[in-house]
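See structure below.
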Amino acid sequence: MKKRVCIISLALPIEVDPRTSRQAVYLARDYEVTLIGYGTPPSDWHQINWRPVHRQTSKLQTLFEILLLIAGRIFPFLYDFWFDTRSRYNQALNYALESKANVYHASDWATLVLCVKAARQLNARVFFDADEYWPLENESNPLWRIFFSPLIAYTLHQYAGSIDAATTVSQPIAQRYKNEYNIDAAVLLNVPDYEEISPRAVQANHIRLLHHGASRRNRYLETMIEALALAEPRFTLHLMLMPGDPGYLESLKELAQKLVPGRVEFRPVVHPFEIVRAISDCHIGICLIPPTTYTYLMTLPNKLFEFLIAGMAVVNGPSPAMAEIVQQYQVGWVLPSFEAKALANQLNILTIDDIEFARTNARAAAKILNAQVEYAKLLSIYQNLLEAPGLTVF
């Protein structure tokens, strides 16, 4: 009989959470997997037991939760009531207990609480995919920093001792979790599955740049449009942006029309598992994410590895984790700053030979930096967890 894994993921809709989705798919090869979350799962998830959580709350419930967050800054024990009164968490916990899992897998800081509660009742293990550095996830928002950052820090301090294994996205973040919460997290990169992509030659007068991701103001995506206005006309910019901050995407379209009419294409969003093929007609991926938060400073995002598997060269800002990958594998160029002028200057000096050299290296790096290789770590961690003595088997 297969052992059971229960994944709880409530930070994002499952259709825009490739990290959790991929973990579920890989674990389902060896274990019976229940995934508790919200959104719309893929129609071919026949091996995964999907349990949808309803997120609707009344205005009165929302007001009560806000009051608990305010009071929790003075009396932190009230944060426990914040969890207990949220209907979505109670629903998820009931699903978790019904699954009678051997390992409870938390995909975000809030679900760690639910996983620990379920594991304690059933003598199971707790796995925490810490992902990014949650206590500073949205620190550029003053209200979030005041009310949610203390809640997250309290939660991690309270439940860190119950974690049996953990992962995160980069070594600097892993070290910070160790220093501040005594959580030992292995690094599990945000890499997609490897795909064989036929390289498309670069045309000297038609070089396609691409960026994809969320349209959030604190990412200053207008910098790429401003850089294009300073770059030679051989470059065009392709943006595949998910809805984010209200009105921001429309403002980017207006700016593109004003500064570089006809040179920016806004592409439709595709499912995360389809991104690599959707962007493979482009030549250079742009990873320009200003460090407006600690998470952005230390980011090692999906898009970097999707660029490599798509056979693209990479230009990124001086973000240390990304810069290390780009320089180690010689797949592109690290800018001296996040300014539009720095990006334009780098683009203007590139030759076709430079771009093809980086693209060749990207295709070689993709054979190492992919889910088939990386997720062997996850399966090894799970094997060790499930072989440990004292585990209850249902």
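Some notes on this structure:
- Using a Förster distance of 25 Å, the FRET efficiency for Trp144-Ser337 (Cβ separation, nearest 0.05): 0.40
- Simple spin-label estimate for Thr360 and Trp50 in nanometres, 7 Å along Cα-Cβ: 4.4 nm
- Judged by the mean number of other Cβ atoms found within 10 Å, the most tightly packed of the peptides 33-44, 350-361, 97-108 leads the ranking 97-108, 33-44, 350-361.
- Mean Cβ neighbour count within 10 Å, used as a protection proxy, ranking 285-294, 117-126 highest first: 285-294, 117-126
- Across Lys178/Lys367; Lys2/Lys117; Lys258/Lys341; Lys117/Lys303, pairs whose alpha-carbon gap is larger than 28 Å: Lys178/Lys367; Lys117/Lys303
- Gain in span if fully extended, Ala201 to Met242, counting 0.36 nm per residue against the direct Cα distance: 11.9 nm
- The C-alpha atoms of the chain define a longest principal axis, and helix 109-122 lies at about 30 degrees to it.
- Degrees separating the helix 371-387 axis from the principal Cα axis of the chain, which is the longest one: 10 degrees
- Potential lengthening between Phe64 and Gln257 on full extension [0.36 nm per residue; Cα-Cα distance subtracted]: 65.0 nm
- Sorting 157-165, 130-138 by their mean Cβ neighbour count within 10 Å, with the most densely packed peptide first, gives 130-138, 157-165.
- A full extension of the chain between Asn348 and Ala229 corresponds to an added length of 41.7 nm, given 0.36 nm per residue minus the alpha carbon distance.
- Modelled FRET efficiency - R0 35 Å, Thr57 with Asp193, Cβ distances, 0.05 increments: 0.45
Only the coordinates and a few stated rules stand behind these numbers; no lab work does. Just so we're clear, the structure is a prediction, and the values are computed from it rather than from any experiment. Positions of Cβ are generated from backbone atoms using ideal geometry, with glycine treated the same way; all protein chains shown enter the neighbour counts.
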